[in-house]
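Just so it is clear, none of the values below were taken in a lab; they were calculated from the coordinates. Remember, it's a predicted structure, so these values are computed and weren't measured experimentally. Every residue, glycine as well, gets a Cβ built from its backbone with ideal geometry; the counts of neighbours run over all protein chains shown.
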Amino acid sequence: MKKLTFSLFLILLIPTCIIFLFSREKEQKNQGSIINNPVTLDDKIVRVKRVSKDKIEEVPLEDYVLGVVSGEMPISFSNEALKAQAVCARTYVIRKMENNKNKDYDVVDTIDNQVYQDREELQNKWKSKYEENMEKLKKIVKETEREYLTYDGKVIEVFFFSTSNGHTENSEEVFTKALPYLKSVDSSFDEEVSPVFKKEVEMSLSDFYTKLSLPYAKKLEYEVIERTQAGSVKKVKINGKEYKGTEVRKLLGIRSTYFEFIVNGTNVLIKTTGYGHGVGMSQYGALALSNKGYTYDKILKYYYQGVEIEKIS
């Protein structure tokens, strides 16, 4: 009798256990995006090195994002473009916070990382428009709160810049590292909205050669050896010496690697198209896309291919 009772107990218990385990597995699968979320920031504090003040400030994450959006993108831009910038700013600093855990600070407040401005700086910058602009920015940051970009479950390396030459660049052609979400895309619509799409600057041949560490010569000869997929100068030979396009841009202090030189007597006219390194999101491109009806998530997925927008848990 006891054996029969125990057998009946087992018969009833086993299905119950199976149902329980199946339910737990299903629950875990449904919560997978939370369980496997690569970012869980408990305090959400960013340690910002204020370069001009020579001190480190602890800034709440969302306040930091607000201060970066105001420093990196004109407040006159559309809400959707500003939202895209907010997600980029948050993604960038999350990665920095993870990589710099053992350092004294996470980021600096200059273009070496992201330009960050605090409330006092914004008051001085906007004056009578401060309250109006702050309300706009607070709304932007709130509507993207805790959002960041991932690729294959990992926080991406975010790059952004002012204006493309008509296409963005493959990451490996500018920074050597090939990243699947940073591939060249059409951004010809930058020209519709960017006031810095084209630029001409003239300098003396003497200054030109000095900056490039070349001996003075009346005749300037240059030959583009290789171009990037976006059409920018990747390698160029100037009076017999070979340079990377990025090297020329830095040495001459010009806006982009999409350049040409025209000798004008004892001067050289330098024409450039685009503004910045060209990798990732074009900020004026984001504005142009928003004017075409793109929401911020579509803007981000246009410039960063194959990414997902996740939330800090």
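List of remarks:
- Residue-averaged [θ]222 nm for the chain, counting only DSSP H segments that reach four residues, each worth -39500 (n - 2.57): -12500 deg cm²/dmol
- Whole-Hz Karplus values for region 215-232 come out as x, 5, 8, 5, 9, 9, 10, 9, 9, 6, 7, 8, 10, 6, 4, 7, x, 6 Hz, taken residue by residue from phi with 6.51 cos²θ - 1.76 cosθ + 1.60 and θ = phi - 60°; glycine and proline positions read x.
- Contact order relative to length of the chain, as percent, for alpha carbon pairs under 8 angstrom and 6 or more apart: 21 percent
- Pairs spanning more than 30 Å between alpha-carbon atoms, out of 136/234; 53/301; 127/211; 198/244: 136/234; 53/301; 127/211.
- Global dimensions of region 125-185 from alpha-carbon coordinates: Rg and Dmax equal 16.7, 45 Å.
- Of all aspartates and glutamates in the structure, those lying under 14 Å Cα to Cα from residue 311, and not within fewer than 8 positions of it along the same chain, are 42, 62, 143, 145, 147, 297.
- Which of 127, 241 has the fewest Cβ neighbours within 10 Å, and the rest in rising order: 127, 241
- Region 62-192, relative contact order in percent, only Cα pairs under 8 angstrom and at least six apart counted: 27 percent
- For the chain, the longest principal axis of the alpha carbon atoms and the long axis of helix 79-99 meet at an angle near 80°.
- Per-selection Kirkwood Rh - region 198-273 (Cα, Å, 1 d.p.): 12.3 Å
- Here the contact order of region 214-271, divided by its residue count and restricted to Cα pairs under 8 Å and six or more residues apart, works out to 23 percent.
- For region 210-313, the list of chymotrypsin sites (Phe, Trp or Tyr not before Pro) that fall in a loop by DSSP and count at most 12 other C-beta atoms within 10 angstrom reads 216.
- Answer label for Rg/Rh (Cα atoms, Kirkwood Rh) (calculated), chosen among (1) 1.16; (2) 1.04; (3) 1.02: (1)
- Nonlocal amide H pairs with residue 229, under 5 Å, H built at 1.01 Å: 170
- With Cα atoms, 0 to 90° folded angle of helix 2-30 axis to the chain main axis: 20 degrees
- Shown for 112, 63, 106, 190: other C-beta atoms within 10 Å of each C-beta, ranked fewest to most, produce the order 112, 63, 106, 190.
- Each residue of region 135-143 was assigned a 3J(HN,Hα) from its phi angle through the Karplus expression (A = 6.51, B = -1.76, C = 1.60, θ = phi - 60°), giving 4, 4, 5, 4, 5, 4, 5, 4, 6 Hz with x at Gly and Pro.
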